[in-house]
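The values are calculated or read from the model by the stated rules, or taken from the named source; none is laboratory data. Since we're looking at a predicted model, the values are computed, not measured. Quick reminder, even Gly has a Cβ in these numbers, built from the backbone with ideal geometry, and neighbours come from all protein chains shown.
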Amino acid sequence: MSTSEIQEEIIDEFSILEGDRENTIFYIMELGEKLSALEDSAKVEDNIIKGCQSKVWLTTDFNEGKVVFKADSNTAITKGLISLLIRVLNKKTPDEIIDTDLYFIQKIGMNQLIGSQRSNGLTAMIKQMKMYALAYKAKADN
Amino acid sequence: MLNSIDINKIREEFPVLNQEVNGFPLVYFDNAATSQKPTEVLEALNGYYRGYNSNVHRGAHTLAAKATDAFEATREKVRDFVGAAHTEEIIFTKGTTEAINLVAYSYGRAFIKEGDEIMISAMEHHSNIVPWQVLCEEKGAVLKIIPVSSEGELDYEAFENLLSEKTKFVAVVHVSNSLGTVNDVQRIIAAAKKVGAKVLLDGAQSSPHFNIDVQALDCDFYVFSGHKIYGPTGIGALYGKKEILEAMPPFLGGGEMIKEVTFAKTTYNELPYKFEAGTPNIGDTVALKNAIEFIERIGKDNIADHENSLLLYATEKMRAIPGIRLVGTAKNKVSVISFLMEGVHHFDLGMMLDARGIAIRTGHHCTQPLMNEFGIDGTARLSLAVYNTKEEIDTFVKALSNIANRFSKQKQKIS
């Protein structure tokens, strides 16, 4: 699936929740629980995304020209948030990752739901994922 | 005592409480961060800007005189509120943080020398840590820390053992913002006096809850914020003993604080103006008087009684929820409860409660060293004020129980 198709799928899923705050939070937490756990050895300072109030660890791999993301967090909601980003951007080429406009975040009303502090954290996560993609692209171009 | 105040009537005086948040009636349990404002405070702000906004002191016109009278009437009201002997012992500041900084900069730079010791406790707010760290670094003074027990009480014996002739200043929180612990400041002040140390009390969390008498306490400085005692943000006060304030150099230079300025020399104004450079926060200062009058009308004893009954009620109900751990179980507490839920991060807990219209605070509460002592990265905290009710606690406890149930079921599912 393309990143747009995945985003449309997410928008569809969230529309069922009809903007109910509590159900949306629970749903995000459930999504986080489904994210495969990151081994403890990867939960180190170097893998922490700076700019998040919660702890978020992100690791990457480069496999057959595609970036594989893995992540974990010490808070359930944040883990759900990064799981959504991974769902869209995982196993995509660096170019796809760099070029993807993550419009689903606005469409599902995420910023209003999580408030400005967590929104900044979400922005930091996206920035970090795109930075990794840029680094892999630079490496591949060399 | 309890029957003498009608909480529902008091609630009517706080328009902000009468609203729904996320589809549920607002339950505001974040009063240690800031309290809500009664109508009379809102009207005083409005009345000042609509009726007599004018710069204070030196004005040759009627509005300026009216503004000055109202501004100075608040100073007198604050004097009475903290039990000071002289009106000029009250210095207006932006709040607690600025008041502590004023003392650390002015008193600290004039009187603290290399090798002197300054003592604070392990449960201080960052506002009562950082200014002293900066001072110690600059002067080569040493910062000593009064340890705290696992219940969240100060270790008074350790404090007394730390005291020596080297101790020049003790800056300690009267009531912990994170734990609600009421510290035995009489004991601290008495012991500090014996070695000749000056004492500053951080009253940000004691001023809303019980009567303050700085003369009976015999502290040298007492500081508090208006916005935590039902008043506006951006206004607070420093009480200092007159002879000490007189010996202290000015903190900021500028208008209001001078007697005469020439390029050769400036002479400073008298107390309290020496410490109030620039146009002050007139509107908020004027309305602070109404906040104190609100408290006086309800009665601090009545407020304390009501809040204490809420504290006991909430503590008992919360203890009954499986997986809830209370952080800070001191014998003498105000209506602040810090807690953790097993398997649920406090950030998540805060958001889930918010979805039900319940406002609490989560995080380290600007007391990171204290959180480190407890080996945690923060807590969820509810803090109750005079307008809170047992019904609201029931709503909160029900929401908390639902969350606990949900997560314990999930855990069973996984295992």
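Restricting segment A:31-58 to residues that are closer than 16 Å to residue A:114 by Cβ and touching a Leu at 6+ places or on another chain (Cβ under 8 Å), which is farthest from the other protein chains (Cβ to nearest Cβ)? The selected residue is A:49. Picking from residues in segment B:341-350 that are over 25 Å from the mean Cα position of the chain (by Cα) and within 7 Å of chain A (Cβ to nearest Cβ), the one that is nearest to residue B:25 (Cα to Cα) is B:348.
With the structure loaded, tell me whether residue B:309 is in a helix (DSSP H, G or I), away from every other protein chain (no Cβ under 12 Å), hydroxyl-bearing (Ser, Thr, Tyr) and in contact with a helix residue (DSSP H, G or I) (Cβ under 8 Å, 6 or more places away or on another chain) or whether it fails that test. Give the derivation first.
On the way: in a helix (DSSP H, G or I): yes; away from every other protein chain (no Cβ under 12 Å): yes; hydroxyl-bearing (Ser, Thr, Tyr): yes; in contact with a helix residue (DSSP H, G or I) (Cβ under 8 Å, 6 or more places away or on another chain): yes.
Against the criterion (in a helix (DSSP H, G or I), away from every other protein chain (no Cβ under 12 Å), hydroxyl-bearing (Ser, Thr, Tyr) and in contact with a helix residue (DSSP H, G or I) (Cβ under 8 Å, 6 or more places away or on another chain)), residue B:309 qualifies.
Just one of (1) over 23 Å from the mean Cα position of the chain (by Cα); (2) away from chain A (no Cβ under 14 Å); (3) of a type outside the set (S, T, N, Q); (4) within 27 Å of residue B:303 (Cα to Cα) fails for residue B:354. It is (2).
Screening residue B:196 with (1) farther than 24 Å from residue B:302 by Cβ; (2) in contact with a Cys (Cβ under 7 Å, 6 or more places away or on another chain) gives one miss only, at (2).
Got at least one residue in segment A:72-81 being more than 14 Å from every other protein chain (Cβ to nearest Cβ) and either over 17 Å from residue B:377 (Cβ atoms) or crowded, with 19+ Cβ neighbours inside 10 Å (or both)? No, segment A:72-81 contains no residue that is more than 14 Å from every other protein chain (Cβ to nearest Cβ) and either over 17 Å from residue B:377 (Cβ atoms) or crowded, with 19+ Cβ neighbours inside 10 Å (or both).
Of all residues in segment B:1-53, exactly one satisfies the criterion of being crowded, with 16+ Cβ neighbours inside 10 Å and at pLDDT below 95, namely B:5.
For segment B:206-226, a residue qualifies if it is assigned to a helix (DSSP H, G or I) and crowded, with 24+ Cβ neighbours inside 10 Å, and exactly one does: B:226. Of the residues making up segment A:31-53, those that are within 14 Å of the chain's Cα centre (by Cα) and closer than 15 Å to residue A:121 by Cα number 3.
Could you list all residues from segment B:366-403 that are away from chain A (no Cβ under 13 Å), in a loop (DSSP other than H, G, I, E, B) and touching a residue at least 40 places away in the same chain (Cβ under 8 Å)? Within segment B:366-403, B:366, B:367, B:384, B:385, B:386, B:387, B:388, B:389 meet the criteria. Screening residue A:56 with (1) in contact with a Ser or Thr (Cβ under 6 Å, 6 or more places away or on another chain); (2) over 22 Å from residue B:378 (Cβ atoms); (3) of a type in the set (A, V, I, L, M, F, W, C); (4) buried (at least 19 other Cβ atoms within 10 Å of the Cβ) gives one miss only, at (2). Screening B:84, B:60 for residues that are in a loop (DSSP other than H, G, I, E, B) and within 21 Å of the chain's Cα centre (by Cα) leaves exactly one candidate, B:84.
Test residue B:406 against the criterion of being farther than 21 Å from residue B:228 by Cα, within 14 Å of chain A (Cβ to nearest Cβ) and touching a residue at least 12 places away in the same chain (Cβ under 8 Å), and give yes or no. No, not satisfied.
If you go through segment B:196-205 and pick out every residue that is surrounded by 22 or more Cβ atoms within 10 Å (Cβ to Cβ) and either at positive phi or small (Gly, Ala, Ser) (or both), you end up with 3. Counting just the residues of segment B:235-277 that are of a type in the set (Lys, Arg) and in a loop (DSSP other than H, G, I, E, B), which one comes out surrounded by the fewest Cβ atoms within 10 Å (Cβ to Cβ)? Residue satisfying both the conditions and the ranking: B:265. Only one of the numbered conditions (1) under 23 Å from residue B:21 (Cα atoms); (2) away from every other protein chain (no Cβ under 14 Å); (3) part of a strand (DSSP E or B) is not met by residue B:326, and that is (1). Check segment B:278-300 and report whether any residue there is in contact (Cβ under 8 Å) with a residue 24 or more places away in the chain, among the acidic types (Asp, Glu) and part of a loop (DSSP other than H, G, I, E, B). Looking for residues that are in contact (Cβ under 8 Å) with a residue 24 or more places away in the chain, among the acidic types (Asp, Glu) and part of a loop (DSSP other than H, G, I, E, B), one finds none in segment B:278-300, hence no. Does segment B:134-168 hold any residues that are touching a Leu at 6+ places or on another chain (Cβ under 7 Å), crowded, with 22+ Cβ neighbours inside 10 Å and either outside the structural domain of residue B:198 (by TED's automatic domain parsing) or outside any loop (DSSP other than H, G, I, E, B) (or both), and which are they? Within segment B:134-168, B:146, B:148 meet the criteria.
What about residue B:296, is it away from chain A (no Cβ under 14 Å), out of contact with any helix residue (DSSP H, G or I) (no Cβ under 9 Å at 6 or more places or on another chain) and of a type in the set (D, E, K, R)? Reasoning before the result, please.
Values: away from chain A (no Cβ under 14 Å): yes; out of contact with any helix residue (DSSP H, G or I) (no Cβ under 9 Å at 6 or more places or on another chain): no; of a type in the set (D, E, K, R): yes.
In short, no.
Is at least one residue of segment B:286-298 at positive phi and crowded, with 19+ Cβ neighbours inside 10 Å?
no
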